[in-house]
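I have a structure here, written as structure tokens, and I will follow up with some questions on it.
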Amino acid sequence: MEFQIVEGRIYYEDERNEVLAEVTYVPVSEGVVDIDHTYVSPALRGQGIAGKLMEALAADLRARGLKATAPCSYAEIWLSRNRAANEDIIA
């Protein structure tokens, strides 16, 4: 599974260009973004896809020197559970 990374969004779509998984974020201040949405299609749930999206997002934010807050409940829980590995990107 290969994620597409664009400003404000990391996503996966099938061969028909249907979005099957995504995480989105918006800038809120200089160097800080809000992770505001995660989605995984019911057909892919239970396979760890949302966690992989968050890992990809964390790596992207780290590479760009950004920090994140997480109004999205899934993102908030993921960051909390993975705090030690991602302390550098948590605002």
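Quick one: is VAL40 surrounded by 14 or more Cβ atoms within 10 Å (Cβ to Cβ) and more than 27 Å from GLY65 (Cβ to Cβ)? Show your work before the answer.
On the way: surrounded by 14 or more Cβ atoms within 10 Å (Cβ to Cβ): yes; more than 27 Å from GLY65 (Cβ to Cβ): yes.
Taking the combined requirement at face value, the residue satisfies it.
Just checking, how many residues over the stretch 43-91 are at positive phi and either in contact with a helix residue (DSSP H, G or I) (Cβ under 9 Å, 6 or more places away or on another chain) or touching a residue at least 24 places away in the same chain (Cβ under 8 Å) (or both)? Explain how you work it out, then say what you get.
Initial filter on the stretch 43-91 (at positive phi): 46, 48, 65.
Next cut, either in contact with a helix residue (DSSP H, G or I) (Cβ under 9 Å, 6 or more places away or on another chain) or touching a residue at least 24 places away in the same chain (Cβ under 8 Å) (or both) only: 65.
Summing the residues that are at positive phi and either in contact with a helix residue (DSSP H, G or I) (Cβ under 9 Å, 6 or more places away or on another chain) or touching a residue at least 24 places away in the same chain (Cβ under 8 Å) (or both) in the stretch 43-91 gives 1.
Residues checked against (1) part of a helix (DSSP H, G or I); (2) of a type in the set (A, V, I, L, M, F, W, C); (3) exposed (fewer than 15 other Cβ atoms within 10 Å of the Cβ):
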| position | (1), (2), (3) |
| --- | --- |
| LEU53 | yes, yes, no |
| LEU61 | yes, yes, no |
| ILE77 | yes, yes, yes |
| SER80 | yes, no, yes |
| GLU87 | yes, no, yes |
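Which of the residues belonging to the stretch 41-51 are in contact with a strand residue (DSSP E or B) (Cβ under 7 Å, 6 or more places away or on another chain) and assigned to a helix (DSSP H, G or I)?
ILE49, ALA50
Restricting to the stretch 63-74, name every residue that is over 18 Å from GLY31 (Cα atoms) and in a helix (DSSP H, G or I). Break it down into steps so the answer makes sense when it comes.
Narrowing the stretch 63-74 to residues over 18 Å from GLY31 (Cα atoms): 72-74.
Those that are over 18 Å from GLY31 (Cα atoms) and in a helix (DSSP H, G or I): SER73, TYR74.
Counting just the residues of the stretch 4-25 that are under 14 Å from LEU44 (Cα atoms) and in a loop (DSSP other than H, G, I, E, B), which one comes out most open to solvent (accessible area, probe 1.4 Å)?
First pass over the stretch 4-25, keeping only residues under 14 Å from LEU44 (Cα atoms): 11-14, 18-22.
Of the ones still in play, those that are also in a loop (DSSP other than H, G, I, E, B) are 14, 18.
Values: ASP14: 20, GLU18: 87 Å².
Taking the candidates together, the pick is GLU18.
Okay, next question. Spot the failing condition for ALA70; the list is (1) of a type outside the set (D, E, K, R); (2) touching a strand residue (DSSP E or B) at 6+ places or on another chain (Cβ under 9 Å); (3) open to solvent by 40 Å² or more (accessible area, probe 1.4 Å), and only one is missed.
It fails just one condition, (3).
How do the pairs read when you match residues in the stretch 1-13 that are closer than 16 Å to ALA58 by Cβ with residues anywhere that are of a type in the set (A, V, I, L, M), using Cβ under 6 Å and keeping only pairs 6 or more apart or on different chains?
Qualifying pairs under 6 Å: PHE3/ILE10; PHE3/ALA56; ILE10/VAL23; ILE10/LEU53; ILE10/ALA56; ILE10/LEU57; TYR11/VAL19.
The values are calculated or read from the model by the stated rules, or taken from the named source; none is laboratory data. Note that the coordinates shown come from a computational prediction; the quantities given were computed from them, not determined experimentally. Neighbour counts are summed over all protein chains in view; Cβ atoms, including those assigned to glycine, are modelled from backbone coordinates with ideal geometry. Only protein heavy atoms, including side chains, enter the accessible area calculation; ligands, DNA and RNA are left aside. Shrake-Rupley method; radii C 1.70, N 1.55, O 1.52, S 1.80 Å.
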